[in-house]
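Asks: Before I ask anything, here is the structure I am working with.
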Amino acid sequence: MSEKIDTRKSIRKTIQMTPAEATAFLQNTPNLSLATLDREGYPHLVAMSFAVDDHGDILMTSFGRAQKVVNLRRDPKTAVMVEHGVDYDQLKGVMIRGRATIVEEFAAVLDAIALVSGKMARLAGRPTVDGRVPVSESYRSQAAKRVVIRIHPEKWASWDHAKIAQAAR
């Protein structure tokens, strides 16, 4: 009697990134796609700059009255995705599902702005101090109208198709 092999599971396991690889991938990617649900249940998808904090949560800021924030206040379930690559054997990405918390405290908003701006500066080759940059006067003046979107990952998936070729060697 022959055993049936689930090739989807074996390929899925082959291409999955380790948690360290997925974290490094996120830390070196400037933007993600944020999905929320509107009041009719349709996906609302936007590009956002983001950072990963020391607890592994995804942080970004937005104006408090933005549609994505309105959607998350109503239903905190969300998903984010980052993907790179053109050819199939170069595709690499991370998808995270979780629940968002909206944080309105001024100090938390300033800290998130400094963290996200610091990540963007690092990726652009500009200097940072402890991964942050000083918050500009422009952002400081907007901070009272902004909120932090904090997403605590509950489930994630990742893929690195370059691992298929590596496994075949």
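Asks: Taking θ as phi - 60°, what are the ³J(HN,Hα) couplings along the stretch 142-149 by the Karplus curve (6.51, -1.76, 1.60), each to the nearest whole Hz, with x for Gly and Pro?
Replies: My calculation for the stretch 142-149 gives 8, 4, 5, 9, 9, 10, 9, 9 Hz in order.
Asks: Among the listed pairs 68/163; 13/119; 92/119; 13/68, which have their C-alpha atoms separated by more than 28 angstrom in this model?
Replies: Values: 68/163 35 Å; 13/119 30 Å; 92/119 20 Å; 13/68 33 Å.
From 68/163; 13/119; 92/119; 13/68, over 28 Å: 68/163; 13/119; 13/68.
Asks: Then there is this: Which trypsin sites (Lys or Arg not before Pro) does the stretch 16-117 hold that lie in a coil by DSSP with at most 12 other beta carbons within 10 Å? List each step's numbers first, then the result.
Replies: Numbers: sites: 39, 65, 68, 73, 74, 77, 92, 97, 99; in loops: 39, 65.
Of the trypsin sites (Lys or Arg not before Pro), the ones in loops of the stretch 16-117 whose Cβ has at most 12 other Cβ atoms within 10 Å are 39, 65.
Asks: Among 142, 123, 70, flag the residue with its Cα farthest along the positive direction of the charge dipole of the chain, charges on Cβ as +1 for Lys/Arg and -1 for Asp/Glu.
Replies: 70
Asks: Using the Cα gyration tensor of the stretch 8-164, with a ≥ b ≥ c the square roots of its eigenvalues, what is the shape: rounded (a/c below 1.5), prolate (a/b larger than b/c) or oblate (neither)? Provide the component values of the computation, followed by the final result.
Replies: On the way: a/c = 2.28, a/b = 1.35, b/c = 1.69.
Judged from the Cα gyration tensor, the stretch 8-164 comes out oblate (a/c at least 1.5, b/c at or above a/b).
Asks: Check residue 61: other-chain or 5+ apart residues with amide H under 5 Å from its amide H, H built from backbone geometry?
Replies: 149
Asks: Listing 123, 59 from the residue with the fewest other Cβ atoms within 10 Å to the one with the most, what is the order? Show your work: numbers first, answer last.
Replies: Values: 123 13, 59 21.
Ascending number of Cβ neighbours within 10 Å: 123, 59.
Asks: Taking H placed 1.01 Å from N in the peptide plane, check which residues at least 5 places from residue 133 or on another chain put their amide H under 5 Å from its amide H.
Replies: 118
Asks: Quick one: what are the phi-derived ³J(HN,Hα) couplings along the stretch 55-70, Karplus 6.51/-1.76/1.60 with θ = phi - 60°, whole Hz, x for glycine and proline?
Replies: Along the stretch 55-70, the couplings run 9, x, 7, 8, 10, 8, 10, 7, 5, x, 9, 5, 4, 4, 6, 4 Hz.
Asks: Another one. Over the stretch 8-164, what is the relative contact order in percent, taking alpha-carbon pairs closer than 8 angstrom and at least six residues apart? If you can, show how the numbers build up before the last one.
Replies: Numbers: 296 pairs, mean separation 48.2, N = 157.
Reported relative contact order: 31 percent.
Asks: Along Cα→Cβ, 7 Å out, is where each label goes; now give me the distance between the ones at residue 91 and residue 157 in nm to one decimal.
Replies: About 1.1 nm separates the two model spin labels.
Asks: What shape does the stretch 102-169 take by its C-alpha gyration tensor, where a ≥ b ≥ c are the square roots of the eigenvalues and a/c under 1.5 counts as rounded, a/b above b/c as prolate, and the rest as oblate?
Replies: oblate
Asks: Next up: Taking amide H positions as placed 1.01 Å from N in the peptide plane, with prolines and chain starts having none, which residues 5 or more places from residue 17, or on another chain, fall under 5 Å of its amide H?
Replies: So residue 17 has HN proximity to 158, 159, 160.
Asks: Using a simple spin-label model with points 7 Å from Cα along the Cα→Cβ vector, what separation in nm is obtained for residue 20 and residue 105?
Replies: 3.3 nm
Asks: When the Karplus curve 6.51 cos²θ - 1.76 cosθ + 1.60 is applied with θ = phi - 60°, which whole-Hz ³J(HN,Hα) does each residue of the stretch 95-104 get, with x for Gly and Pro?
Replies: Ordered by residue, 3J(HN,Hα) equals 10, 10, 10, x, 10, 8, 10, 9, 10, 9 Hz.
Asks: I want to verify a result. In a Gaussian network model of the chain, Cα cutoff 10 Å, which of these has the top mean-square fluctuation: 40, 104, 21?
Replies: Among 40, 104, 21, the largest mean-square fluctuation in the Gaussian network model of the chain belongs to 40.
Every read-out reported here was derived from the displayed coordinates using simple, explicitly stated rules and does not represent laboratory data. Bear in mind the structure is a predicted one, so any value in this text is a computation, not a measurement. Note that we place each Cβ from the backbone using ideal geometry, even for glycine, and neighbour counts take in every protein chain shown.
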